[in-house]
Amino acid sequence: MATGIASPFAADYKCSHGKGVGVHDPLDEAPADSADGVSGGHGASGRAVLCGDQIGGASRRLRRPAGIQRHRPDPARRGDGGAGVLRHRQCRNWPPARSGPAERTRRARRPARAEAMIMRAAIARSAGRKLPWTTLIGIAAALFATPALAGDRPAAAAAIDTLFDRWKSPAGPGCAVSVTQGQRVVFTGAYGSAIVEGPVANTATTSFHIASVSKQFTAFAIHLLRAEGRLSLGDDVRNYVPELHDFGMPITINDLLHHRSGLRDQWSLLALSGRRLEDTITQEDVTRILYGQRDLNFPPGSRFAYSNSNYTLLALVVERVSGQPFGQFLKQRVFQPLGMVDSWVQDDFRVIRTGHAQPYAPAGARYQRRSLPYSTYGATGVQTSVADMARWAMNFDAPRVGTRAIFDAMIATQPDASGKTQPYAAGFEIGRYRGTMTVEHSGTDPGYVADFLMLPERHLAISLLCNSEGINPVELARKIADLYLGDAPETAVGVKHQAVLLDDKQLAPFVGTYKEEPGVLFAVSLRNGKLVLQDRDELTAFGPRDFFLKNAPVTFSFPDADTLVIHEPDHDRIARRIAPTDVPDVTAAQMLDYVGNYYTPELKLLYTVEIRDGALWLSGAFGEAMIRQQPSFLREPDAFVTQSIAGALQFRRDGRGRIIGFALSNGRVLNLTFFKIHKSLPS
């Protein structure tokens, strides 16, 4: 059931018996829908309550400032829209309640900042305190402010419900979603089952594995320690993790945060070692494989390349600086202070917790259970609910834990060595949608997908967590954002370029083969007065050196005679011209040169190349795959590709022309060296 929550933030209670102010958080318990689609009750009214006894119901034991009590409404007594009923007859409301259509309209038009100020004013008045004149002016200004977002909340709730029609059946897994506007939770909804075999329904407080969305919590932990002066972003990571190999160039904490370290990706390395995502994987498994690396994909700081290894090492830095296990640090410094009671770090997959969504994947018309026995964290590992993510989003909007300076630093992008600013900040990707800034991270692990999207200029945040593969959370999050953005400008579907006519003489200098990285080549040819990419896609000129691809959000430029730049929406890719080659098909006799056993000391693995049915095959811990040459217009000598995690192989020869090894590259692992073993292995 979807829940639209009208309360701008937690309602405050003042009790006359002198035990202090109790804070009722409307997310402690999901309110039921009222008749108009917006929950009512004390959470919705935003009124201070003076009472002679505490509110019924057990209190959650959360960290809070001294003198602050947390009271929960009585779940057994609902009659005010679901927020609970005060049990003591001496309780009275302050200010006096107003109701009816006119009051609902007035409240719907009141901006969130005014709601917060009025609430504080009511509490101060009930305590007999005078308000400073600055607060009174702020209330007046906020009341006349224009609301930040458009959209009728009941209509938006109904529209969001419709988006999740496919995942409402209890016979399948589903999703949970929360939407916040400033300090308001304006929507929570849950669909499908957390445990299909029960079935046990998903709720706003069901915890999900959030995969790479975890990275923002790791980055936040690093920035907390940085703000306390306990580390510097310019520190060499080996100051804290000396087990990491000395690559001859320092890798800074800042390089790790912004994915500029050059470290190979842990999941690709594990896959090459024969580990599957469904296998038991511990933090020690990951760090052991990282400590064994002797080469980088590129010099630190020189470019951007997403690598989960960076955030696993950052979690280790947090542990060694703080002296606490990473999960304990987040619990004490983030989760408990924010009341994120459904959140924890899975550092031991064997621990059973109630209220947790299990992972699934579509299997025809049914679903099958996935296995996710991870005990690794930093790059992944956080388990949380959409209710807790709403608290996290509101803390980002108005920090209670951390500071505005910390959050500003987390969303600040930085240039790489070439001067190009990349979209990845610290645990977030920065972009734009419908004319406004986006701060976002998605995540995918077996059986789970997630997306956390903030539009800070509009004070809007969307948390979407699902316990099934086959769901696109990024697309769904944007559809939800559309419901609240009103008449914000639409995102252009690709920039409209004005085509220009270039003759063959002007186009000829761009013809050639360009190499981005091992196994990734671009062939540019000239055909019928047009440049053609990969012997397939026509490029249309919109400048003397600039080209676009029809119906694709990508452009190409040739800044000089030897460089091709592929401009994608979120980053640029650079390929360099290579000398033209005329590499023929490998003959049966030549195949024998490649046959043999190959060993990599970095992973302590042995791979074998052999001939089967007239073709070369590679086998090893990862499985097996056929080795084949690229199409003739993309060939390099001794270069082969596979349709597997092994990616591309570039065989190497000595000065006498003998094969001595190969370098393996698969995108997130570049030039992993295997040496040919000339002695036969025992059978």
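The values are calculated or read from the model by the stated rules, or taken from the named source; none is laboratory data. In this text, all values refer to a predicted model and were calculated from it rather than measured experimentally. Using ideal geometry, Cβ is built from the backbone for each residue, glycine included, and neighbour counts are taken over all protein chains shown.
Within this structure, S169 fails the test of being at pLDDT 95 or above, in the same structural domain as Q324 (by TED's automatic domain parsing), of a type in the set (S, T, Y) and outside any strand (DSSP E or B).
Just to be sure before I move on: is T380 on the phi < 0 side of the Ramachandran plot and part of a loop (DSSP other than H, G, I, E, B) in the structure I sent? It is true that T380 is on the phi < 0 side of the Ramachandran plot and part of a loop (DSSP other than H, G, I, E, B).
From the list E457, E475, E516, exactly one residue is within 30 Å of T380 (Cα to Cα) and not assigned by TED's automatic domain parsing to the domain that holds E278. Which is it?
E516 is the lone residue from the list that is within 30 Å of T380 (Cα to Cα) and not assigned by TED's automatic domain parsing to the domain that holds E278.
Where helices (runs of 4 or more DSSP H) fall wholly inside segment 234-351, no range has 3 or more residues that are at pLDDT below 95, of a type in the set (V, I, T) and over 20 Å from the mean Cα position of the chain (by Cα).
Against the test of being buried (at least 20 other Cβ atoms within 10 Å of the Cβ), assigned by TED's automatic domain parsing to the domain that holds L313 and closer than 19 Å to A190 by Cα, the options V386, V345, V382 yield a single qualifying residue, V386. In this structure, D546 qualifies as among the charged types (D, E, K, R) and at pLDDT 95 or above. Within segment 178-236, being of a type in the set (D, E, K, R) and farther than 21 Å from P446 by Cβ holds for R184, R226, E228, R230, D235, D236. Among A361, A365, which is the only one that is over 21 Å from the mean Cα position of the chain (by Cα) and aliphatic (A, V, I, L, M)? None of the others qualify; the one that does is A365. Considering segment 522-544, the residues that are of a type in the set (D, E, K, R) and within 35 Å of the chain's Cα centre (by Cα) include one that is nearest to F633 (Cα to Cα), namely R536.
One residue alone among S302, S261, S322 is crowded, with 23+ Cβ neighbours inside 10 Å and among the hydroxyl-bearing types (S, T, Y), and that residue is S261. The test for being under 20 Å from L485 (Cα atoms) and without any contact (Cβ under 8 Å) to a residue 24 or more places away in the chain holds for T438. Number of residues in segment 514-533 that are touching a strand residue (DSSP E or B) at 6+ places or on another chain (Cβ under 9 Å) and in contact (Cβ under 8 Å) with a residue 24 or more places away in the chain equals 13.
The set of residues from segment 588-604 being in a strand (DSSP E or B) and at pLDDT below 95 is empty.
Rundown of residues vs (1) in a loop (DSSP other than H, G, I, E, B); (2) of a type outside the set (S, T, N, Q); (3) on the phi < 0 side of the Ramachandran plot, yes/no style:
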position	(1), (2), (3)
M389	no, yes, yes
P399	yes, yes, yes
F407	no, yes, yes
A412	yes, yes, yes
G419	yes, yes, no
G427	yes, yes, no
R432	no, yes, yes
E440	no, yes, yes
A450	no, yes, yes
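Residues in segment 493-508 that are more than 15 Å from E538 (Cβ to Cβ) and loosely packed, with under 10 Cβ neighbours inside 10 Å were compared, and the one that is modelled with the lowest pLDDT is V493. Evaluate segment 558-576: report whether one residue or more is aromatic (F, W, Y) and over 27 Å from F542 (Cβ atoms). So far as segment 558-576 goes, no, none of its residues is aromatic (F, W, Y) and over 27 Å from F542 (Cβ atoms). A residue that is out of contact with any Ser or Thr (no Cβ under 6 Å at 6 or more places or on another chain) and part of a strand (DSSP E or B) can be found somewhere in segment 468-480.
Checking the structure you have, find out if any residue of segment 628-643 is of a type outside the set (D, E), more than 15 Å from P518 (Cα to Cα) and free of Cβ contacts under 8 Å to residues at least 60 places away in the same chain. Yes: segment 628-643 contains one or more residues that are of a type outside the set (D, E), more than 15 Å from P518 (Cα to Cα) and free of Cβ contacts under 8 Å to residues at least 60 places away in the same chain.
One line per residue, one yes/no per condition, for (1) over 22 Å from F428 (Cβ atoms); (2) without any contact (Cβ under 8 Å) to a residue 60 or more places away in the chain:
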{"site": "P300", "(1), (2)": "no, yes"}
{"site": "N308", "(1), (2)": "no, no"}
{"site": "V317", "(1), (2)": "no, no"}
{"site": "S322", "(1), (2)": "yes, no"}
{"site": "Q328", "(1), (2)": "yes, yes"}
{"site": "Q336", "(1), (2)": "yes, no"}
{"site": "G339", "(1), (2)": "yes, no"}
{"site": "S343", "(1), (2)": "no, no"}
{"site": "D348", "(1), (2)": "yes, yes"}
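Checking segment 447-468 against the condition returns no match, with no residue being surrounded by fewer than 24 Cβ atoms within 10 Å (Cβ to Cβ) and in contact with a Lys or Arg (Cβ under 7 Å, 6 or more places away or on another chain). Against the test of being in contact with a helix residue (DSSP H, G or I) (Cβ under 6 Å, 6 or more places away or on another chain), of a type outside the set (S, T, N, Q) and not assigned by TED's automatic domain parsing to the domain that holds V439, the options F558, F542, F522 yield a single qualifying residue, F558. It is to be established whether one or more residues within segment 626-633 are modelled with pLDDT under 95 and among the hydroxyl-bearing types (S, T, Y). Yes, some residue in segment 626-633 is modelled with pLDDT under 95 and among the hydroxyl-bearing types (S, T, Y).
The set of residues in segment 641-659 that are surrounded by 17 or more Cβ atoms within 10 Å (Cβ to Cβ) and at pLDDT 95 or above comprises L649, Q650, F651, I659.
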